[in-house]
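Step one of this worksheet: look at the structure below.
A short reminder: the numbers here are calculations on the coordinates, not readings from a lab. Nothing here was measured: the structure is a model prediction, and the numbers come from that model. Cβ coordinates were reconstructed from backbone atoms using ideal geometry, including for glycine residues, and neighbour counts include every protein chain displayed.
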């Protein structure tokens, strides 16, 4: 009886210690940006991180000019609804534009009071390889891809 | 790509802050720097005599706001603790670079693209 009590006490003590140092119920770690860290590690993003010889020009995509409905120019959209909006404040970004000889605009992601956000391709990109992860490790699926 | 308005004072301040963070990230040993989305490039374009600033960022993943929304406003405590810890680590790096983040809400916090 006493032994059981001692064992019970020991168990409770060890368990509370394990909980306090997070041995039990330890959640899987969550990372906010692992994809980006991986990309950084491989040096595939960040124009500062790789040499000029690795870079290559990618041909800009051409976008259709027909096949969609055009809304009247007088109709306001998104940030244009704001009472303080002025056309002069915002740079006229269009889909398909290549800005700074490098970044081709693909689509609009969003807008804020002082900016608009666009998904772009870096035309001076580093060739990418697509890797597939299996139990044996990583193997290359495709090479010389561009974003 | 962030295309910014030409006539607002805080634009210059944001560009300066991003430059300070990029500079600091080169040498900083702070664990939180991996949680801060850096600017990769900055350029300016002139339009009708007005100067516009552009910042190129790494692609942003799904925001924490979105996760809050699909989980009906609450998240498991271990998840909240982990995220809070990472936010504090990120702030440690940002403050170390001499920059103050004045808008820490769920919107600019993003989850990885799997």
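So what's the angle, to the nearest 10 degrees on a 0 to 90 scale, between helix B:10-27 and the longest Cα principal axis of chain B?
Roughly 60 degrees, rounded to the nearest 10.
Cα axis of helix B:77-96 to longest principal axis of chain B: angle in degrees, 0 to 90, nearest 10?
Orientation of helix B:77-96: about 30 degrees from the principal axis.
So, in nm, how far is label residue B:19 from label residue A:87 when the simple model puts each one 7 Å beyond its Cα toward the Cβ?
Label at residue B:19, label at residue A:87, 3.3 nm between them.
Please compute the modelled spin-label separation between residue A:134 and residue B:102, points set 7 Å along Cα→Cβ, answer in nm with one decimal.
That separation, rounded to one decimal, is 5.5 nm.
Note down the nm distance, to one decimal, between modelled labels 7 Å out along Cα→Cβ at residue B:68 and at residue A:69.
Each label point is offset 7 Å from its Cα along the Cβ direction, giving 3.4 nm.
Just want to confirm a number: the relative contact order over chain B, from Cα pairs under 8 angstrom separated by 6+ residues, in percent.
Taking the mean separation of contacting Cα pairs over the length of chain B, I get 34 percent.
Sort A:140, B:11, A:58 so that the residue with the fewest other Cβ atoms within 10 Å of its own Cβ comes first and the one with the most comes last.
Going from sparsest to densest Cβ surroundings: A:140, A:58, B:11.
First check a/c for the range B:2-96, with a ≥ b ≥ c the square roots of the eigenvalues of its C-alpha gyration tensor; if it is under 1.5, answer rounded, and if not, answer prolate when a/b is larger than b/c or oblate otherwise.
Oblate, since a/c reaches 1.5 and b/c is not below a/b.
Just rank B:81, A:102, B:33, fewest to most, by other beta-carbon atoms within 10 angstrom.
B:81, A:102, B:33
For the residues B:23, B:14, what sequence is obtained by ranking on other C-beta atoms within 10 Å, fewest first?
Ranking B:23, B:14 by Cβ neighbours within 10 Å, fewest first, gives B:23, B:14.
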